[in-house]
Amino acid sequence: MRRVVHSLTLFGLVLLASSLSARELVVGDTGITFQAPDEFKVLSSEVMAVKWPSRRAPRWAVGNRTGGTTIAYDLKPHDISQASADQLIGVFSQLFSRVVPGIVWQQRRILDIDGRQWVHLEFTSNAVDTDIHNSLLATSYGDQMLVFNFNSTREEIKRYREALEASMMTISLPPAGL
């Protein structure tokens, strides 16, 4: 009996570790999925608290070994379903230009991912110890706002740019009503 319990415990730990490899991820219990780079792991709550110390921190994030390149994602309680993507680009651009230190815009556009329109904002900004490259995606999900932030330090972006862009294009939302 002990051997069975030990085997089941070991099997459970292996399953937990494999689920932390962050290949295909699900956003909460929504059925929304995306693919993350193989080496990305789920960030611990301790790492997330250091990386995002504000109350606006994302609920979920995965990242590389250093934590310098991450994919943060969340559902925010903001109903943006009645706004056009162009309106949202304007609103987000004004807001971020006011609150993000050292922002330099790379692109502000509408992307089609899996048949859905997304606001895509790409910019660099200043952090305490380095410059950050951000690629932010937002779309409506019912009466909430679905947000992804693919970000990397200036030192790591060259290595991870293609992987982050590929990951971005794998976001898939379940059909309405499910």
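What follows draws every value from the coordinates through simple rules; no lab data is involved. Since we're looking at a predicted model, the values are computed, not measured.
Values for this structure:
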quantity: Estimated 222 nm signal from helices in the chain, with DSSP H stretches of n ≥ 4 weighted -39500 (n - 2.57), rounded to 500; calculated: -9500 deg cm²/dmol
quantity: Cα-based helix-to-principal-axis angle, 85-99 vs the chain, degrees rounded to 10; calculated: 90 degrees
quantity: ³J(HN,Hα) computed for each position of the range 122-130 - Karplus, 6.51 cos²θ - 1.76 cosθ + 1.60, integer Hz, glycine/proline x; calculated: 10, 7, 10, 8, 9, 10, 4, 10, 6
quantity: Residue-span extension gain [residue 47 to residue 143] - 0.36 nm each, minus C-alpha spacing; calculated: 31.6 nm
quantity: 0 to 90° range, to nearest 10: angle between helix 157-168 axis and the chain longest Cα axis; calculated: 80 degrees
quantity: Degrees, to the nearest 10: 2-19 long Cα axis against longest axis of the chain; calculated: 20 degrees
